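Visitor: One structure follows; several queries about it will come next.
The values are calculated or read from the model by the stated rules, or taken from the named source; none is laboratory data. Since the model is a prediction, treat every value here as computed from it, not as a measurement. Positions of Cβ are generated from backbone atoms using ideal geometry, with glycine treated the same way; all protein chains shown enter the neighbour counts.
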Amino acid sequence: MNTPETLIHPTDPPPPVSTNLRVLCIDDETPILRTLRRLLGRLECDVDDASTLDEIEARLTALHNYDLVILDRQMPEITGEVLARRLRGLRPDLPIAMCSGADDELVISTADSGAYQVPKPFDFEGLTAVLTAVRARRGER
């Protein structure tokens, strides 16, 4: 039985719906993940991260929750290219951004994987460009 406290009145505004992008950041360096979390938070993103293979595996079970994955090209337990191929196999429509401090390596790896390029060190312009492209794919402005 509904009580007056549980009824939604037609004049009540609808509950807020988050339009933030859900981003999974994968990097073996904790300071990098902290920086990404801070920058992406300022760019209206909800961020989860993973820095070990076990954490990555745990996040892959909920891959459907993410709008974008940002991953490091060089990690000790798995390379970005291998992980990008695995992500594509699990969810082909998922946008992936590959990041690296070495521009020439980044260009080659992103061309092979079809990923966006995000150079290190990170900056608002580079991240904003990727987020704008992902939002456009989702039909947002």
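Visitor: Any residue at all in segment 70-87 that's within 19 Å of Y116 (Cβ to Cβ), buried (at least 17 other Cβ atoms within 10 Å of the Cβ) and of a type in the set (S, T, Y)?
Guide: no
Visitor: I'd like to verify a number: residues in segment 63-79 that are more than 20 Å from R137 (Cβ to Cβ) and either modelled with pLDDT under 90 or part of a loop (DSSP other than H, G, I, E, B) (or both), how many? Spell out the reasoning first.
Guide: Within segment 63-79, the first condition is being more than 20 Å from R137 (Cβ to Cβ), and the residues that meet it are 72-79.
Going one step further and asking which of them are either modelled with pLDDT under 90 or part of a loop (DSSP other than H, G, I, E, B) (or both), we end up with 73-79.
Number of matching residues: 7.
Visitor: Shifting gears a bit: In segment 81-100, what residues are part of a helix (DSSP H, G or I), farther than 16 Å from R22 by Cα and either of a type in the set (A, V, I, L, M) or touching a residue at least 40 places away in the same chain (Cβ under 8 Å) (or both)? Let's see the steps before the verdict.
Guide: Initial filter on segment 81-100 (part of a helix (DSSP H, G or I)): 81-90.
Subset that is farther than 16 Å from R22 by Cα: 81-86, 88-90.
Of everything in segment 81-100, those that are part of a helix (DSSP H, G or I), farther than 16 Å from R22 by Cα and either of a type in the set (A, V, I, L, M) or touching a residue at least 40 places away in the same chain (Cβ under 8 Å) (or both) turn out to be V82, L83, A84, L90.
Visitor: So in segment 88-128, with the set limited to residues that are within 22 Å of C45 (Cβ to Cβ) and among the hydroxyl-bearing types (S, T, Y), which one is modelled with the highest pLDDT?
Guide: Looking at residues that are within 22 Å of C45 (Cβ to Cβ) and among the hydroxyl-bearing types (S, T, Y), I get T128.
Visitor: Give me the pairs: first residue in segment 118-141 and in contact (Cβ under 8 Å) with a residue 40 or more places away in the chain and among the hydroxyl-bearing types (S, T, Y), second residue outside any helix (DSSP H, G or I) and surrounded by 12 or more Cβ atoms within 10 Å (Cβ to Cβ), beta-carbon distance under 8 Å, and six or more apart or on different chains, which are they?
Guide: Note: pairs meeting the criteria are T128/L43.
Visitor: Could you check how many residues of segment 38-51 are surrounded by 14 or more Cβ atoms within 10 Å (Cβ to Cβ) and more than 10 Å from the chain's Cα centre (by Cα)? I'd like the intermediate steps shown before the answer.
Guide: From segment 38-51, those surrounded by 14 or more Cβ atoms within 10 Å (Cβ to Cβ) are 39-40, 43, 45-51; that's our starting set.
When the remaining residues are screened for being more than 10 Å from the chain's Cα centre (by Cα), the result is 39, 43, 50-51.
Counting residues in segment 38-51 that are surrounded by 14 or more Cβ atoms within 10 Å (Cβ to Cβ) and more than 10 Å from the chain's Cα centre (by Cα) gives 4.
Visitor: Right, next: Tell me, which residue of segment 1-26 that is in a loop (DSSP other than H, G, I, E, B) and either of a type in the set (A, V, I, L, M) or at pLDDT 95 or above (or both) is surrounded by the fewest Cβ atoms within 10 Å (Cβ to Cβ)?
Guide: Residues of segment 1-26 in a loop (DSSP other than H, G, I, E, B): 1-20.
When the remaining residues are screened for being either of a type in the set (A, V, I, L, M) or at pLDDT 95 or above (or both), the result is 1, 7-8, 17.
On the way: M1: 3, L7: 8, I8: 9, V17: 6.
So the residue we want is M1.
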